[in-house]
1. For B:S111, state whether it is more than 14 Å from every other protein chain (Cβ to nearest Cβ), among the small types (G, A, S) and touching a Lys or Arg at 6+ places or on another chain (Cβ under 9 Å).
2. Give region B:1-24 a look and list any residue that's among the aliphatic types (A, V, I, L, M), touching a residue at least 40 places away in the same chain (Cβ under 8 Å) and in a helix (DSSP H, G or I), or say none.
3. Please enumerate the residues belonging to region B:212-234 that are surrounded by fewer than 17 Cβ atoms within 10 Å (Cβ to Cβ) and of a type in the set (G, A, S).
4. Determine whether B:T54 is among the β-branched types (V, I, T) and surrounded by 23 or more Cβ atoms within 10 Å (Cβ to Cβ).
5. Given the options A:V261, A:V239, A:V182, name the one that is of a type in the set (A, V, I, L, M, F, W, C) and touching a strand residue (DSSP E or B) at 6+ places or on another chain (Cβ under 8 Å).
6. Condition first: in a loop (DSSP other than H, G, I, E, B) and in contact with a strand residue (DSSP E or B) (Cβ under 7 Å, 6 or more places away or on another chain). Now tell me which residues in region A:119-154 satisfy that.
7. Counting only residues that are more than 7 Å from chain B (Cβ to nearest Cβ), within 26 Å of A:A70 (Cβ to Cβ) and hydrophobic (A, V, I, L, M, F, W, C), how many does region A:120-161 have?
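The values are calculated or read from the model by the stated rules, or taken from the named source; none is laboratory data. Bear in mind that the values here come from a model prediction, so they are computed numbers and not experimental data. Don't worry about glycine lacking a Cβ; one is built from the backbone with ideal geometry, like all the others, and counts go over all protein chains shown. Heads up: the accessible areas ignore ligands, DNA and RNA and are worked out on the full protein's heavy atoms, side chains in. Shrake-Rupley method; radii C 1.70, N 1.55, O 1.52, S 1.80 Å.
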Amino acid sequence: MEEREKIKALKKKIFITAYKAGAAHLASSFSVIDMLYVLYCKGIVRYEPGNPWNEERDRVILSKGHACLALYVILNEIGMISDDELMSFCQPGSHLGGEPKMEAAPGIEASTGSLGHGLSFGVGIAIACKMNHYNNKIYVILGDGECQEGSVWEAAMSAANFGLDNLVVIIDDNRLQAMDSVEAIMSIDSWSDKWEAFGFETIEIDGHNLKEIENALVTKPGNGKPKLIISHTIKGHGVSFMEEVPIWHFRMPNKEELEIVKAELGILDEELKG
Amino acid sequence: MRNTYLNALYELAKKDEEVVSLVADNGLIVYDDFRRDFPERYFNFGISEGNMITAAAGMASCGKIPFVYTISAFLAYRAYEFLRDDVCFQNQNVKIVGIGSGLTYSTLGPSHHTTEDIGLLRSLPNLTVFSPSTRAEVKWIMEETYKMKGPVYIRLSNNSEEYYKEDAEFVIGQPAVVRAGNSVIIMVTGALVNEVMEAAERLESDGIYAEVVSVHTLKPLDTKKIAEMIAKAGSLVVVEEHNVIGGLYSAIAEVMAMEKIMVPNLAIGLQDVFAVDYGQLKDVRAANGLDSTTIYEKIKLFFDSI
């Protein structure tokens, strides 16, 4: 299957899972799924399927925890989460809630949900891995709105100070937050300038161009600096009426909208049953 | 107390290379030995307590045993959500050591006091909360803290008096008897034990023989043992450098309700106010009714009324 088709199938799975649960942060999941696909399905993140908690594994911390359905679907894709587990999303008795819970499944490295925590957690892991002389990478995925949290900048300062060149921070820069555009709510000039000033080596990419994502992830930062990838994305990517519309931060489609989703993601009626 | 903690930490670091030390721009000079001998295990996070707490959780998730150290007000208040979500909810093996608890920073006022922290910290699931009164308790608490796998908070204050004999034994959750007596039981936590001991001496000259116990563990509490101690004494006084709402008095009241015992009781602490005034610790305690004279007078009045 062509890669865009594969990603469309992942989005379809995200939607069906969310539909059965009755709620999910769909638009955020759609903006970050391409990045997660490249991380896990293009050989970037190193993990052992038979030994998923290997201490020297790479770690992905989804600090913007509300997009966790995208992570669950990718972990399902690589066999870390079973189909039954995935379909239990947000149901009574499930390990998989609407925000990630540490160790609920292999690949879920941190309990996130309250924004502005994941980078500090990643800093701690990156320090510990350096102390142990591991040759692994720690990936932390932030939202651009999340960067309004002051704790992100405490963590950024410390990442550079401790020379954490094993740390890769990714901003899913979809330019929207819950109520409006990030620009309208808390305007900033340039993420790149700010992170560079905090001691990061920064790269800006089109976050829906798989080759650009891959190139950015494999580029080695110089001078012992942590790396920042600003991944320009479209919130709600792949569903026309959700794209770049703030209200889709946490909402499910009505009957008419559902028909559009079905047509655009190729979902059959029977796939939404049960 | 602080030096006892630092000596114990140094010994643990010598014994176990997973022990690491995190500070937030605090501990100049006193951390010199640790920094000199274990520089690769010493991390100064600067003035960013939330980041430090969560980074400690990350380190613990990789098998490190972080001891996080700074002024307790900035740990318990500033970093509370980080402590809750990343250390306690994720049940990470992080040891948090707050210095200058209660009114210790007596010249600096309420921004540097911790007089509501017991309520906040006791209500965090998975967190063990210690509040030592003397150096002997600190030494024992450090041994227990290292043995436990899970989050621990140690509420340090200033006290150089030692009331225990060298062979004193302590049990987690059980208040330790600092002074024997049979007229009334006085429960206290932290360095305020000094004022309480002075008050107890004066009460004795009035024929009131107060038993003084140090509640060195604020969570978990051995409810049966505490209920037994209270029932045996027949009347209870709780003294704390803390708001009486959510502090030691509240914790002991919970025990009494759970264990279905009721005895005449008195709460001496901050009555839902921030502490007033500045000066030496003695002065600020006196300004807030927590000096030995006021404690003595209140207990005398209470005892005479029952």
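1. Values: more than 14 Å from every other protein chain (Cβ to nearest Cβ): yes; among the small types (G, A, S): yes; touching a Lys or Arg at 6+ places or on another chain (Cβ under 9 Å): no.
It is false that B:S111 is more than 14 Å from every other protein chain (Cβ to nearest Cβ), among the small types (G, A, S) and touching a Lys or Arg at 6+ places or on another chain (Cβ under 9 Å).
2. Restricting attention to region B:1-24, the residues satisfying the condition of being among the aliphatic types (A, V, I, L, M) are B:1, B:6, B:8-9, B:12-13, B:19-20, B:22-24.
Applying the additional criterion that residues be touching a residue at least 40 places away in the same chain (Cβ under 8 Å) yields B:1, B:8-9, B:12, B:19-20, B:22-24.
The answer is B:A8, B:L9, B:L12.
3. Scanning region B:212-234 gives B:A231, B:G234.
4. Working: among the β-branched types (V, I, T): yes; surrounded by 23 or more Cβ atoms within 10 Å (Cβ to Cβ): yes.
When the stated conditions are applied, B:T54 passes them.
5. Values: A:V261 fails: touching a strand residue (DSSP E or B) at 6+ places or on another chain (Cβ under 8 Å); A:V239 fails: touching a strand residue (DSSP E or B) at 6+ places or on another chain (Cβ under 8 Å).
On inspection, the qualifying residue turns out to be A:V182.
6. First, the residues of region A:119-154 that are in a loop (DSSP other than H, G, I, E, B): A:132-137, A:144, A:149.
Answer for region A:119-154, where residues must be in a loop (DSSP other than H, G, I, E, B) and in contact with a strand residue (DSSP E or B) (Cβ under 7 Å, 6 or more places away or on another chain): A:K137, A:D144.
7. 10
To keep it simple, each residue is scored yes or no on (1) outside the structural domain of B:Q92 (by TED's automatic domain parsing); (2) open to solvent by 10 Å² or more (accessible area, probe 1.4 Å).
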| site | (1), (2) |
| --- | --- |
| B:S131 | no, no |
| B:V138 | no, no |
| B:E143 | no, yes |
| B:Y146 | no, yes |
| B:V171 | yes, yes |
